[in-house]
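Report on the following structure.
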Amino acid sequence: MDLLRRLWLLARAQVGSRGRKEWEAAGEPAFERPGPQTSSGIDPQLAQYYANLEIPYGTDLETARQAWKRLLKQYHPDLHANDLEKRRVAGELSARLTQAFQELERAHRAKEHS
């Protein structure tokens, strides 16, 4: 998957303009985008971080770390040194992936201490 396509998928997951079945019918991977289901115990913000790392909601921290490393190896800005636009996009993508992992890590630690 090329870099711009990956960024588009992350943006699509953020917006969630179409339903899961529509994405799957189009042959594209669907991201879970929970609605106002706070009573079910699903945190929409955490669900977004899990989706950004392409892992299921509630996955353990080690799996999240592995997904983060795998995606960074694939989309690191240094891999796109010859194309300035791709390097810029890769930098933004890497920052979002790192933020997602750090937020999940913070949530897991808070859960352990409570």
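Each value in this text was obtained by applying a stated rule to the coordinates, not by laboratory testing. None of these values were measured; they are calculated from a predicted model. In this analysis, Cβ positions are derived from the backbone assuming ideal geometry, glycine residues included, and neighbour counts consider all displayed protein chains.
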Of the candidates GLY58, LEU72, LEU97, the farthest towards the positive dipole end of segment 53-107 (Lys/Arg Cβ +1, Asp/Glu Cβ -1, centred on the Cα centre) is LEU72
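Take the alpha carbon gyration tensor of segment 54-95, find the square roots of its eigenvalues, order them as a ≥ b ≥ c, and report rounded if a/c is under 1.5; if not, report prolate when a/b exceeds b/c, else oblate. Each step should come with its number before you reach the end.
Numbers: a/c = 4.27, a/b = 2.81, b/c = 1.52.
Verdict is prolate for segment 54-95.
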Test item: Cα-centred dipole of segment 35-114, Lys/Arg +1 and Asp/Glu -1 on Cβ, debye: 140 debye
In percent, how large is the relative contact order of segment 43-114, given Cα pairs closer than 8 Å and 6 or more residues apart? 35 percent
